[in-house]
Amino acid sequence: MSEIQAVLTALDTTPPEPEHPAVEAGIPGALARMKPGEVNLLGPFAVPGLAPRLIRVYLPRGYDLAQPHYSLYLFDGQNDFDDAPSFSGGWYVHEAVEGLAKSKRPVPVVVGIDHGGVERNLELSPFAFGEEPGKLEILLDWITGHLMPVLSAELSLIPGPLGAVIGGSSMGGLAAFWSHFRHPEAFGGALVMSPSFWVANQAVFADVAARPTPEVSRLYLDAGAREDRGKVVAAVKAMAEHLVARGYDSDRLMWRADARGTHSEASWRRRLPGALRFMYRRE
């Protein structure tokens, strides 16, 4: 490097490009590169306070930008679609949502939000996890305040609460259930499989009981009888009973005890079509 080049380099105060862009910078214009009928990878994007992550977006085969679309946001994006990104197999949610068209139900755009690896339990918990404070609120601030508005504008998504459902399993199930009550303006329903209601000595029960019932609210809850010697089913049943006491009827609440269900992607994949049919019931 010459002396002149060295001086110019030293004087250059242009800030470096961020390693991971914000969704506001990375998503606009992405539709031109996305294909209906495929799982499209976006990112990784910066998430303030948490690890960067990929977003996996499935556009239905009949996707038309000129038409408004429902959306299904799912935690643990690595597990939501194909087997490859998951250590234990995927849900194949892209195939399951296409099945809704057979009964003339709407086929939503599916948004899988990858978890943050070693931080997964913390970022999917609204409560202290062991000695560490939960970080779900941080993740939700990013989802509702940044990701959802940008995706809604780019993909012609119906705004929440009528247009958006949040879902997940295990810790993701806890996160989805709590997210609906914490942000009822964003999510009009929650698809909740084998939720980790045990976290922080079942703190979710008192927390949700103290929150008002969302004006728009449809909930699917399930658990497998072979999970933790029946304890997961018992907790989900208790939550369902609480919801019924609050006025939830069979149109707004479905809960299922799966006699042969285990705490596994295979069980969640098997129950997913029925859960989707309930969440996207024809009015």
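What to note about this one:
- Of everything in the stretch 162-219 that is in a loop (DSSP other than H, G, I, E, B) and among the β-branched types (Val, Ile, Thr), the residue that is farthest from the chain's Cα centre (by Cα) is 213.
- Residue-level analysis places residue 159 outside the set of residues that are part of a loop (DSSP other than H, G, I, E, B) and surrounded by 20 or more Cβ atoms within 10 Å (Cβ to Cβ).
- The residue of the stretch 55-90 that is modelled with the highest pLDDT, among those that are assigned to a loop (DSSP other than H, G, I, E, B) and within 16 Å of residue 190 (Cβ to Cβ), is 70.
- Pair list, Cβ < 7 Å and 6+ apart or interchain, from the stretch 95-106 residues that are more than 20 Å from residue 57 (Cα to Cα) to residues that are of a type in the set (Lys, Arg) and surrounded by fewer than 14 Cβ atoms within 10 Å (Cβ to Cβ): 104/282
- Filter result for the condition that a residue is more than 26 Å from residue 129 (Cβ to Cβ), basic (Lys, Arg) and at pLDDT 95 or above, over 182, 256: 256
- Exactly one residue among 51, 96 is more than 26 Å from residue 188 (Cβ to Cβ), among the aliphatic types (A, V, I, L, M), buried (at least 16 other Cβ atoms within 10 Å of the Cβ) and in contact with a helix residue (DSSP H, G or I) (Cβ under 8 Å, 6 or more places away or on another chain), and that residue is 51.
- Looking only at the stretch 1-34, residues that are surrounded by 10 or more Cβ atoms within 10 Å (Cβ to Cβ) and modelled with pLDDT of 95 or more come to 11 in all.
- Filter pass, residue 152 being polar (S, T, N, Q), crowded, with 16+ Cβ neighbours inside 10 Å and outside any helix (DSSP H, G or I): no
- Residue list for the stretch 96-114, restricted to those being over 21 Å from residue 150 (Cβ atoms) and either in a loop (DSSP other than H, G, I, E, B) or modelled with pLDDT of 95 or more (or both): 96, 97, 98, 99, 100, 104, 105, 106, 107
- So residue 247, is it farther than 18 Å from residue 190 by Cβ, modelled with pLDDT of 95 or more, among the small types (Gly, Ala, Ser) and not in a helix (DSSP H, G or I): no
- Matching entry among 152, 156, 125 (being among the small types (Gly, Ala, Ser), closer than 28 Å to residue 225 by Cβ and modelled with pLDDT of 95 or more): 125
- Qualifying residue in the stretch 47-54 (condition: over 30 Å from residue 121 (Cα atoms), within 19 Å of the chain's Cα centre (by Cα) and assigned to a loop (DSSP other than H, G, I, E, B)): no
The values are calculated or read from the model by the stated rules, or taken from the named source; none is laboratory data. On a predicted model such as this, the values are computed, not experimentally measured, just so you know. Glycine also receives a Cβ, built like all others from the backbone with ideal geometry; neighbour counts cover every protein chain displayed.
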